[in-house]
Every structure is written in structure tokens, then in C-alpha cells.
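Visitor: The structure is given below, and queries will be raised subsequently.
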Amino acid sequence: MPFWDSKDKEKSGVYADGSPDYHDSDIIYTQEGEIAENTDQLQRRLGNRQIQLIAIGGSIGTALFVSIGGGLVRGGPASLFLAYLVYSCFLGLVNNCIAEMTVLFPVSGGFIRLAGHFVDEAFGFMAGWNFFIYEALLIPFEITALTTVLGYWSDHIPAYSIPIACIVLYGLLNVLAVRAYGEAEFWLSGGKVILIFLLFSFTFVTMCGGNPANDAYGFRYWKSPLAFAEHLSTGSIGRFEGFLAALWSASFCVVGPEYISMVAAEAKRPRIYIKNAFKTVYWRFGIFFIAGALFAGIVVSSKDPTLLDVVNGTGTGGGTAAASPYVIAMSNLGIGVLPHIVNALLVTSIFSAGNTYTYCATRSLYGLALEGRAPKILRHCTKGGVPIWCFAFVMIFPCLSFLQVSSGSSKVLGWLINLVTAGGVINYIVMCVTYIFFWRAVKAQNIDRRTFPYKGWFQPYCAYIGLGWMLFIVFFYGYSSFRPWSVENFFIYYTMLILAPITFGVWKLVKKTKIVTPMRADLTWERPTVDAYESTFLDPPVGFWTEIIQMVGIKRQKGGVDRRRSSVA
């Protein structure tokens, strides 16, 4: 017998102004007669503070602290800063699209199910498997990077020991209820925030002369010709290609909207907490990614020998020395203790990112199974709301990190970065296309978007501009494989791009799916259950800082927060 129950009735739709026209029979109930949290078996257990920290830190991992050195070497500090600034602005347009849809429809599977619902079932199939492969391959990437960072302390750590430890720990954190994952990410992401501000403070103090050498180096590494480095070619063309290399680095590093979309189905009050999380994305881009690129180019030269060894995978820096530009800078300045502190926080940061990727890969596979785009057995959840068979399948992918045993961690990192970057950009293309179809449906059905819980600004132009930019990135970021022609590099860069139309075409031919027309789009979908669930809360929503201080007993209210009644009556 299914976990949920529903009375058969056609959806009653929406009024002309966009407000929901529901009846009690539209709402999903549990077997106990209570209003369900979802139309499936996932449970809404993530509180405001957990969601906010996942939004802030869940997507910040190796790329910002370690892999950013590759963009610095190839583009120089000025190109790196400009690339991260430009890319963050365009990704903000994509965030504006997915935020409106996710807050309105906080469904299991996030944006991948929205793609199938509003565009085409085949489009949802392609989006879901692209995102799953992207997330699943990021898990061994983070494990491999963790091995590289741990090499700062010792050259004698067995390469196979780190993957084994990570697989066990990721398993323990993700096989428990979602509350355990949320709590773990809250503390791990908090460590990332501390690390980021520690590195920013280090940069500001040392560039002003606060270092053992009393060297006020300022923007020394931004002076010509170091500011805009040449890459592949020489002269102006070489500097432009250096900027492009930094831009490709940014396209791998700057992420975020997809992770908020994926946790929406397990958020306690998605209309409020998820909306606030999407709003933090804009200033997170500015503070963490753009400022991170600025400071990485200040503290170390793009021609630093150790950094070059790390990026090129040669010499002692390739896999055993300090991999982070910040740690390299600290060593160059003769600072003894701080590099160890930073490296320890880097370990927790990288581990946290891998934990998030494990969670998202599991939930994306579950979303595919709900729509019949993956085997039905994967729909099974534990009593705690964990898709256990999806999780078991995902845990196969961390085993790819054992490749470093024979090939070296730096080489494996390069493979995985190039392979998954296109997959990440395809996710944003999917979001923009989905929003365009959604917007067309809203207009055709004469629904006022101002009645939605969140309305994106400057639409649909954000979607069109964001779509054009992401198409440019995904088609051209692997152009270096043509200079000279390399079959190996071509497939490393473009495998995900080739796979996308194949999966779309196969599913469309097999299932004979049709594109969703504006008038056929269901703009009610799971809204009745979510709205009814939101209406059962007895307490007003708690702010992030209020919830933080409640953890230590201040302003704690009797009965806790987010108390609910069993019905809206």
C-alpha cells in the first residue's frame, strides 16, 4: 500500500488572477489522515538555518580554494577577476529563472522534474540523467582533491585510504534521515564560511605589510605583463585566450542555484525558506566567488613555481605539496602555523562538497524514478525518507577515485574537471529553456505572476540572455582540443554535450513524447498539497539569526519552532 493516498478528481486549476482554485480532494493525505508534506515519500525536515548554510556553503568546495589556481596560471589575476565577475552576473540571470519556478513548485527532483513537466518528457529525461552523471562524477573529483590537499602534511598517505574513508563517511551521513544530512552540512558549511573570511583577512593584512617579511606587496602581481597572462597563443590573441581559460575555470567553480532547487522538496517551509535561500545567491556570488577570484590573484603570482607544478601536475607540487594558492602564498611569506589551519579547514570544506554531491545525485535519481525515467525499484524510501536504492547506486561512483592510485591525483582531477564542466553548464541551459516554456504558459493562460510567492525580475529577457550565454560557454569551452586536434581531449571536453541530444532523442523516439504547448501546461500540479502543508504551521517563520541563537537557549519558545496542526481546518 502506498505511503500516500489521493482522491480521484481532475485538477480545478487557477483563477484568472493566478490564485489557486483548489478543493479538498486536490490535497494529498497520509494514511493517518494528515496533510502530506509531499506527493511522494520525501520528508520536509530541513530548517531555515540548515537551508541557508547549504545555500551558502553547499556548493563551495575544491574549485574556489584549489582549482582556481588553474585559471590564475592560464589567465593571470586580472583575467581571473573579470571572468568570475562576468560569469557570476550571467549565472545570476539563470538563478532568477529557477527561483521563481522552484518556490512555486518545490517538488522532488527539483529543476529536472520541472523540465519534463513544462517542456517535454524527453527533455526531462535528458536533464535528469545529465544532472545525475554530473553530480555523481563530482563525488570522486572531491575525493581525489582531498587526497591532494592531505598531501601537504605527508607524502606517505596511501592513495587508496582516502577514498575508502570518504565512501564510509558519505554512506553514514546520507543513509540516515535527511535531518542528519542537514545538520552535518550546517556545521561543515559553517566551517567553509569561517575559512573564506579567514583567507580574505589574511589577504588584506599581508598585502598591507602584515607579514614576517614586512613586505607590503599590494597589487604587485597585477602589474603588466602579469595581469593578463598569455595562453596557447602570444600577444593580444594569447591574452584573450587567457581570459577564456579563466572563464572556463569560472564556469566550473561558480555554481549554486541547482543545489537549492534539489533541497526544496525537503525544506520545512519552502515558500519562505527556499525563497530566502535563492535571494542569498546574488550576494554569495559577490562575496565568495568574485572576491575569492580577486584575492587569489593578489596573494600569489600566476608564475609561481609551486603553483605551476600543481596546475601542470609536474614536480613535487603536482600531488604532494600545497595545492591551494592561499597555502602557497603563506609558505612563500614564511608563515608557519596558518597554512596548517587553512589546510585543515580545506579538508572539511572539500569533504562537505562531496557530501552534498552524494545527496544531490541520490535525489536526482529519485526524481527520475518518480517520473518513470529510471527503474521503479529506485522509488523505495526508508521510514526516514531516504531513497535507499538510489543511494546504493550512487555509492558506486566514488570508487572512480581509485583511479588516482595508478594515474596520480592531479591528472585525475584534470580529467574530471573537463568532463563535468559541460554537464554543469547544460544544467543552466535546461533551467533557462524550462523557464521560457513556463513563462509562455503563464502568459497564454492569463495568469498574473504577481500572485506567485516569488516573481523573478526582468523576465523573460533574463532567460533568453542567460540561455545565449550558457550556449556560448558549452560550445566553445573545449576549443583547445582543436589546436592541435586531439581525439582524447575532444571527448573529455564534449562527452556530456554529445550525450545530451542522444538521451533526448532516444527517449523521444521510444516514448513518442510531445512538446508541452502553453495551453496544455499544468500550472496547478503539486501546488495544492504544498499550499495546504504551508497552511498547517502554527508559528510564524523564524529568521536565520533567531534560529541560530535559539540553539544556545536564547529566545527559545515552548514547543519549538515550525509546529504544525494536522489539517488546515
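Visitor: Answer yes or no: is there a residue in the stretch 283-300 that is surrounded by 24 or more Cβ atoms within 10 Å (Cβ to Cβ) and in contact with a strand residue (DSSP E or B) (Cβ under 6 Å, 6 or more places away or on another chain).
Guide: The answer is no; no qualifying residue exists.
Visitor: Hey, among the residues in the stretch 463-478 that are in contact (Cβ under 8 Å) with a residue 60 or more places away in the chain and open to solvent by 20 Å² or more (accessible area, probe 1.4 Å), which one's nearest to residue 241 (Cα to Cα)?
Guide: Within the stretch 463-478, the subset in contact (Cβ under 8 Å) with a residue 60 or more places away in the chain is 463, 465-466, 469-470, 473, 476-478.
Checking which are open to solvent by 20 Å² or more (accessible area, probe 1.4 Å) leaves us with 465, 469, 476.
Numbers: 465: 23, 469: 17, 476: 11 Å.
Of everything passing the filter in the stretch 463-478, 476 is nearest to residue 241 (Cα to Cα).
Visitor: Quick check on the stretch 447-462. Is at least one of its residues open to solvent by 70 Å² or more (accessible area, probe 1.4 Å), touching a Leu at 6+ places or on another chain (Cβ under 9 Å) and under 22 Å from residue 430 (Cα atoms)? Walk me through how you get there before you give the answer.
Guide: Of the residues in the stretch 447-462, the ones open to solvent by 70 Å² or more (accessible area, probe 1.4 Å) are 450, 455, 457-458, 461.
Subset that is touching a Leu at 6+ places or on another chain (Cβ under 9 Å): 458, 461.
Retained after the next criterion (residues that are under 22 Å from residue 430 (Cα atoms)): 458, 461.
Scanning the stretch 447-462, I find at least one residue that is open to solvent by 70 Å² or more (accessible area, probe 1.4 Å), touching a Leu at 6+ places or on another chain (Cβ under 9 Å) and under 22 Å from residue 430 (Cα atoms), so the answer is yes.
Visitor: What residue, of 281, 263, 311, is part of a helix (DSSP H, G or I) and modelled with pLDDT under 85? Give the steps one after another, and end with the answer.
Guide: Values: 281 fails: modelled with pLDDT under 85; 263 fails: modelled with pLDDT under 85.
Selected residue: 311, the only one of 281, 263, 311 that is part of a helix (DSSP H, G or I) and modelled with pLDDT under 85.
Visitor: Sticking with this one: Answer yes or no: is there a residue in the stretch 369-381 that is in a loop (DSSP other than H, G, I, E, B) and of a type in the set (Gly, Ala, Ser). Before the answer, list the steps.
Guide: Keep residues of the stretch 369-381 that are in a loop (DSSP other than H, G, I, E, B), which gives 371-375, 380-381.
Imposing the further condition that a residue be of a type in the set (Gly, Ala, Ser) reduces the set to 372, 374.
There is at least one residue in the stretch 369-381 that is in a loop (DSSP other than H, G, I, E, B) and of a type in the set (Gly, Ala, Ser).
Visitor: A follow-up question, please. Residue check: is residue 187 of a type in the set (Phe, Trp, Tyr), closer than 19 Å to residue 255 by Cβ and either open to solvent by 10 Å² or more (accessible area, probe 1.4 Å) or assigned to a loop (DSSP other than H, G, I, E, B) (or both)?
Guide: no
Visitor: What are the residues in the stretch 476-491 that are within 21 Å of the chain's Cα centre (by Cα) and part of a helix (DSSP H, G or I), if any?
Guide: Of all residues in the stretch 476-491, those within 21 Å of the chain's Cα centre (by Cα) come to 477.
The answer is none; no residue qualifies.
Visitor: Specify the residue that is modelled with the lowest pLDDT; the eligible residues are those in the stretch 205-218 that are among the hydrophobic types (A, V, I, L, M, F, W, C) and exposed (fewer than 13 other Cβ atoms within 10 Å of the Cβ). Even if it seems obvious, please write down each step before you answer.
Guide: Looking only at the stretch 205-218, we keep the residues that are among the hydrophobic types (A, V, I, L, M, F, W, C), and these are 205, 207-208, 213, 216.
Right, trim to exposed (fewer than 13 other Cβ atoms within 10 Å of the Cβ) and you get 205, 208, 213, 216.
Working: 205: 93, 208: 91, 213: 83, 216: 88.
It comes out as 213.
Visitor: Could you pull out the residue among 241, 230 that is among the acidic types (Asp, Glu) and outside any loop (DSSP other than H, G, I, E, B)?
Guide: Details: 230 fails: outside any loop (DSSP other than H, G, I, E, B).
Sole residue among the options that is among the acidic types (Asp, Glu) and outside any loop (DSSP other than H, G, I, E, B): 241.
Here's the yes/no breakdown for (1) over 18 Å from residue 436 (Cα atoms); (2) at pLDDT below 90; (3) part of a helix (DSSP H, G or I):
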site: 65; (1), (2), (3): yes, yes, yes
site: 76; (1), (2), (3): yes, no, yes
site: 79; (1), (2), (3): yes, no, yes
site: 85; (1), (2), (3): yes, no, yes
site: 90; (1), (2), (3): no, no, yes
site: 131; (1), (2), (3): yes, no, yes
site: 135; (1), (2), (3): yes, yes, yes
site: 138; (1), (2), (3): yes, yes, yes
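Visitor: Follow-up question, since we're still on this one. Just name the residue that is most open to solvent (accessible area, probe 1.4 Å) out of those in the stretch 45-87 that are β-branched (Val, Ile, Thr) and under 25 Å from residue 301 (Cβ atoms). Step through it out loud before you land on a result.
Guide: In the first step, residues of the stretch 45-87 are kept if they are β-branched (Val, Ile, Thr); the result is 51, 54, 56, 60, 62, 66, 68, 73, 86.
Still in the list and also under 25 Å from residue 301 (Cβ atoms): 60, 62, 66, 68, 73, 86.
Details: 60: 2, 62: 1, 66: 17, 68: 1, 73: 19, 86: 48 Å².
So the residue we want is 86.
Visitor: Still on this structure, I have one more. So, of the residues in the stretch 134-184 that are among the acidic types (Asp, Glu) and within 23 Å of residue 50 (Cα to Cα), which turns out to be surrounded by the fewest Cβ atoms within 10 Å (Cβ to Cβ)?
Guide: So the first thing to find is which residues in the stretch 134-184 are among the acidic types (Asp, Glu), and the list is 135, 142, 155, 183.
Restricting the remaining residues to those that are within 23 Å of residue 50 (Cα to Cα) gives 135, 142, 183.
On the way: 135: 28, 142: 27, 183: 19.
Looking at residues that are among the acidic types (Asp, Glu) and within 23 Å of residue 50 (Cα to Cα), I get 183.
Visitor: While we're looking at this one, here's another question. Which one of these does residue 488 not meet: (1) surrounded by 14 or more Cβ atoms within 10 Å (Cβ to Cβ); (2) under 19 Å from residue 422 (Cα atoms)?
Guide: (1)
Visitor: Among 44, 74, which is the only one that is touching an Asp or Glu at 6+ places or on another chain (Cβ under 8 Å) and charged (D, E, K, R)?
Guide: On the way: 74 fails: touching an Asp or Glu at 6+ places or on another chain (Cβ under 8 Å).
Checking each option against the conditions leaves just 44.
Visitor: Okay, next question. I need the full set of residues from the stretch 116-125 which are under 20 Å from the mean Cα position of the chain (by Cα) and open to solvent by 20 Å² or more (accessible area, probe 1.4 Å), in order please.
Guide: Of everything in the stretch 116-125, just one residue is under 20 Å from the mean Cα position of the chain (by Cα) and open to solvent by 20 Å² or more (accessible area, probe 1.4 Å), namely 125.
Visitor: Is it fair to say residue 499 is under 29 Å from the mean Cα position of the chain (by Cα), under 30 Å from residue 240 (Cα atoms) and not charged (D, E, K, R)? If you could, list the steps in order and put the result at the bottom.
Guide: On the way: under 29 Å from the mean Cα position of the chain (by Cα): yes; under 30 Å from residue 240 (Cα atoms): yes; not charged (D, E, K, R): yes.
Answer is yes for this residue.
The values are calculated or read from the model by the stated rules, or taken from the named source; none is laboratory data. All figures in this text were calculated on a predicted structure; none of them were measured in a lab. Cβ sites come from the backbone with ideal geometry, for glycine too, and all protein chains shown count toward neighbours. Accessible surface areas use protein heavy atoms only, side chains included; no ligands, DNA or RNA. Shrake-Rupley method; radii C 1.70, N 1.55, O 1.52, S 1.80 Å.
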